[in-house]
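Engineer: Encoded as structure tokens, here's the structure I'll be asking about.
The values are calculated or read from the model by the stated rules, or taken from the named source; none is laboratory data. In this text, all values refer to a predicted model and were calculated from it rather than measured experimentally. Neighbour counts run over all protein chains shown; Cβ positions are idealised from the backbone, glycine included. These accessible areas exclude ligands, DNA and RNA; they are computed on the full protein's heavy atoms, side chains included. Shrake-Rupley method; radii C 1.70, N 1.55, O 1.52, S 1.80 Å.
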Amino acid sequence: MNFLGISEHVHKTLSQSASLKRMIGDKIHPIVTKREVDFPFVVYKRDSIAPEYDKSGKATVTTTVNVYVLAETYTESVEIAEEVIKSLNRVYADYDKFSVIGASLTSANEDYVSQTYVQQLTFNFIIQ
């Protein structure tokens, strides 16, 4: 199993959303942007993994991922955040080294930092 593979799922799933693509293009980045990027854009970051083993030694892993939507206007940040939620919430998938068998939004926060509206969306994914 690929314990850290959830980033592949998040990026692929967000990149496949036609609505999100119209709103932000291909501006979806893991952890940070390496160069200056025009608003709006999305950054995602894995925050924790919690493996749980059954008696046979097979693991199921709960992974927490934060997705940040950054935009110049509040309305735009909320609209993009809604599309991110639609794209990731309850979306399951199979990959070569793991399967996403659970996906749920667990919290949402907002902030205004350095003249930027930020929507923080926290998701829990269950992989095996």
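Engineer: Heavy atoms only, probe 1.4 Å: what % of the accessible area of the chain goes to carbon and sulfur, would you let me know?
Structural biologist: Taking all protein chains in place, the chain shows 47 percent carbon and sulfur surface.
Engineer: Work through the residues other than LYS58 whose Cβ is under 15 Å from its Cβ and net out their charges, Lys, Arg +1 and Asp, Glu -1.
Structural biologist: 0
Engineer: Per DSSP H run of n ≥ 4, the term is -39500 (n - 2.57); total these for the chain, divide by its residue number, and report the mean residue ellipticity at 222 nm rounded to 500 deg cm²/dmol.
Structural biologist: -7500 deg cm²/dmol
Engineer: For the chain, give the magnitude of the charge dipole about the Cα centre (Cβ charges: +1 Lys/Arg, -1 Asp/Glu; no others), in debye to the nearest 20.
Structural biologist: 440 debye
Engineer: Also, quick follow-up: Classify the chain: rounded, prolate or oblate, from the alpha-carbon gyration tensor (a ≥ b ≥ c, eigenvalue square roots; a/c under 1.5 rounded; otherwise prolate if a/b is larger than b/c)?
Structural biologist: Here the chain falls in the prolate category.
Engineer: For the stretch 29-128, calculate the relative contact order in percent as a whole number, restricting contacts to Cα pairs under 8 Å that are 6 or more residues apart.
Structural biologist: 28 percent
Engineer: In nm, what is the difference between 0.36 nm times the number of residues separating ILE85 and SER19 and their Cα-Cα distance?
Structural biologist: 22.6 nm
Engineer: Under a plain spin-label model, where a point goes 7 Å from the Cα along Cα-to-Cβ, how far apart in nm are THR60 and VAL32?
Structural biologist: Roughly 3.7 nm, to one decimal.
Engineer: Right, next: Using 20 Å as the Cα-Cα cut-off, could you pick out the over-long pairs in LYS34/LYS97; LYS27/LYS86; LYS58/LYS86; LYS12/LYS58; LYS12/LYS86; LYS34/LYS86?
Structural biologist: LYS34/LYS97; LYS58/LYS86; LYS12/LYS58; LYS34/LYS86
Engineer: Please give the per residue accessible area of the chain, computed with a probe of 1.4 Å over protein heavy atoms only, in Å².
Structural biologist: Computed with neighbouring chains in place, this is 58 Å² per residue.
Engineer: Here is a further query. Students often forget the sequence filter, so: which aspartates and glutamates lie under 12 Å Cα-Cα from LYS21 once same-chain residues fewer than 8 apart are removed?
Structural biologist: Result set, ordered by chain and number: GLU83.
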